[in-house]
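Structure, as structure tokens:
The values are calculated or read from the model by the stated rules, or taken from the named source; none is laboratory data. It should be emphasised that the depicted structure is a prediction, and the values quoted were computed from it without experimental measurement. Please note: Cβ atoms are built from the backbone with ideal geometry, for glycine as well, and neighbour counts cover all protein chains shown. Areas reflect the complete protein model, heavy atoms only, side chains present, ligands, DNA and RNA absent. Shrake-Rupley method; radii C 1.70, N 1.55, O 1.52, S 1.80 Å.
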Amino acid sequence: MSIRQGLLALLEQEPMYGYQLRAAFESSTGATWPLNVGQVYTTLSRLERDGLVESAGHDDEGHGIYRITPAGRAEVADWFATPVGRGTPPRDELAIKLAMAVTVPGVDVRAVVQAQRTATLRALQDYTRLKARATDSDLAWSLVLDSLVFDAEAEVRWLDHCEARLARAARDGQSTGEQRQTVSVHQADEVRR
Amino acid sequence: MSAVLEIADLTRVHGKGEAAVTALRGVTLTVTAGEMVAVMGPSGSGKSTLLTCAGGLDTPTSGTVTVEGTDLGSLSRKQLAALRRRSVGYIFQELNLIPALTAAENVSLPRELDGDGHREARALALVALEEVGIAELADRFPDDMSGGQQQRVAIARAIVGDRRLVLADEPTGALDTDTGEQVLRLLRARCDAGAAGVLVTHEARHAAWADRVVFLRDGLMVDETGPAATADSLLHGIRR
Ligand SMILES: Nc1ncnc2c1ncn2[C@@H]1O[C@H](COP(=O)(O)OP(=O)(O)OP(=O)(O)O)[C@@H](O)[C@H]1O
Ligand SMILES: [Mg+2]
């Protein structure tokens, strides 16, 4: 996972001990993915085992300092140079839920879509408030927030798209699945009128 | 906080008989000073109709629109026009800049119509243009500006002077994401300074700058996000 490369990238700047690394990681990512110090030390010992970092003694207060090795630097360079793989699509609960909603009869799909849209907008409002408060010096954190914002926005756009498709299917109603859908969307309309 | 805009049970039917289209069916919405509300919904759901009624540019079939305590339905045409110029800033879906006037003249026009002297109106226009970041384009004509720059002139026109109610219909249409965000920050700042704002947008990212997001569908308000989270709950929420 990216904690390993993230910590390595931080160590490339200067040798650090565990707590320092955790603080540096969190200040860059705005505590979006909080680390506990145990995770940091576990990761460090694996990095040491793999020859990517090495012990650099202790500071005055007895903290064990780690520094990056040449192999570690190569790994960091490699990480930055390689695009993050899309891999197989993550199992997306929302996509599965909507697929089920249009499959199972009697579900008010538009209501499901709207409930999700409201919830996602609420999260988006929260991210945006954090963004409004972030200063120019918080560039790293601000970009992480932007990533969350664009993700949430993509979800809302997809929901808009689903709703438009459902409305069209309700008008046209061709395949059996869509016909069944037609019925429940019409029913939802009737209830609202 | 005091209500700047109160819309009560607003219904608007366009046209008559067979061709009648009900654009809004009984919408109720209150926007207080300092509050920004975003309106989202599919094309044709009544968003623009809601905004034109709120700004006194269109007349409800039934229901009332009250701006700063004044029922718009009780005003004469002339009184309504005066209230619009004085209290309401409007950014249209189409920009409606006047091609024969410079940026500064477009922005100062509503003030001059309202009886401000030319100099005073120009000074206010320059402040507004400065606020949207294009002070240096004050003496250019709309045709000699990019779409995004024209958009900012339209926004300057809507905020010039001290408008208490700012209504914006897709104000970020022609802008790239970063410039669009600047526009939203600007509207947000206006509302934080005490104006009431209503923003119609298709972009969730922009709606998220609002305190509240309401959703229209087929002329009905179907849902809204609740009141704003507190600052302390924000980081907690993100750590889900
Ligand atoms: N002047 C008019 N005469 C007749 N019908 C109208 C008029 N203005 C709007 N409508 C109809 O009223 C409904 C709502 O229109 P409105 O412009 O408010 O939608 P909107 O939500 O702003 O859509 P968009 O996202 O496309 O801008 C639509 O069905 C539209 O066709
Ligand atoms: Mg519209």
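Total buried accessible area between A and B, probe 1.4 Å, nearest 100: 2600 Å². For the range A:80-135, the square roots of the Cα gyration tensor eigenvalues, ordered a ≥ b ≥ c, give a/c of at least 1.5 with a/b no greater than b/c, which places it in the oblate category.
Here B:Ala193 and A:Arg49 are evaluated by their C-beta separation; at R0 = 56 Å the FRET efficiency comes out at 0.45. The accessible surface of chain A, taken with every protein chain in place and a 1.4 Å probe, is 54 percent carbon and sulfur. Rounded to the nearest 20 debye, the dipole magnitude of chain B is 400 debye, with +1 charges on Lys and Arg beta carbons, -1 on Asp and Glu beta carbons, and the Cα centre as origin.
Counting only Cα atoms, the size of the protein assembly as shown along its three principal axes is 84, 66, 41 Å, in decreasing order. Taking the protein assembly as shown as the region of interest, the number of lysine pairs whose Cα atoms are within less than 28 Å, with members eight or more places apart or on different chains, is 4.
Measuring between their Cα centroids, the range A:1-57 and the range A:60-128 lie 21 Å from each other.
Interface residues of the range B:176-216, defined as those losing at least 40 Å² of solvent-accessible heavy-atom surface relative to the isolated chain (probe radius 1.4 Å), are listed as B:Ala204, B:Arg205, B:Ala208, B:Trp209, B:Phe215. Remark: the protein assembly as shown carries 51 Å² of accessible area per residue (probe radius 1.4 Å; ligands, DNA and RNA excluded). Across the range A:9-18, rounded Karplus estimates of 3J(HN,Hα) from the backbone phi angles (6.51 cos²θ - 1.76 cosθ + 1.60, θ = phi - 60°) give 4, 5, 5, 5, 6, 6, x, 8, 9, x Hz, Gly and Pro being marked x.
Adding -39500 (n - 2.57) for every DSSP H run of four residues or longer, then dividing by how many residues chain A holds, sets the calculated 222 nm ellipticity at -23500 deg cm²/dmol. Computed over chain B, the percent of Cα pairs more than 30 Å apart is 26. Counting charges near A:Gly64 (Lys, Arg +1; Asp, Glu -1) among other residues having Cβ under 12 Å from its Cβ returns a value of -3. Charge tally for B:Arg111 (other residues, Cβ to Cβ under 12 Å; Lys, Arg +1; Asp, Glu -1): 0. Overall, the range B:127-189 carries a charge dipole of about 320 debye about its Cα centre when +1 sits on the Cβ of Lys and Arg and -1 on the Cβ of Asp and Glu, all other atoms neutral. Taken over the C-alpha atoms, the range A:3-81 has Rg and Dmax values of 11.8, 37 angstrom. Search the structure for amide H atoms under 5 Å from the amide H of B:Asp58, placed 1.01 Å from N in the peptide plane, and list their residues when 5 or more places away or on another chain. Those lying under 5 Å, H to H, from B:Asp58 are B:Cys53. Restricting the range B:1-105 to GluC sites (Glu not before Pro) that sit in a DSSP loop and have at most 12 other Cβ atoms within 10 Å of their own Cβ leaves B:Glu94. Once a ≥ b ≥ c are taken as the square roots of the eigenvalues of the Cα gyration tensor of the range A:36-112, is the result rounded (a/c under 1.5), prolate (a/b larger than b/c) or oblate (a/b not larger than b/c)? Prolate. Taking Cβ atoms as reference points and 13 Å as the exclusive limit, the residues near A:Val112 contribute a net charge of -1, counting Lys and Arg as +1 and Asp and Glu as -1. Run the helix sum for chain B: -39,500 (n - 2.57) per DSSP H stretch of 4+ residues, divided by residue count, reported at 222 nm to the nearest 500 deg cm²/dmol. After summing the helix terms and dividing by residue count, I get -10500 deg cm²/dmol. When only the Cβ of Lys, Arg, Asp and Glu is charged (+1, +1, -1, -1), the dipole of the range B:40-100 relative to its Cα centre reaches about 200 debye. The trypsin sites (Lys or Arg not before Pro) found in the range A:75-175 that occupy coil by DSSP, while having at most 11 further C-beta atoms within 10 Å, are A:Arg86, A:Arg91.
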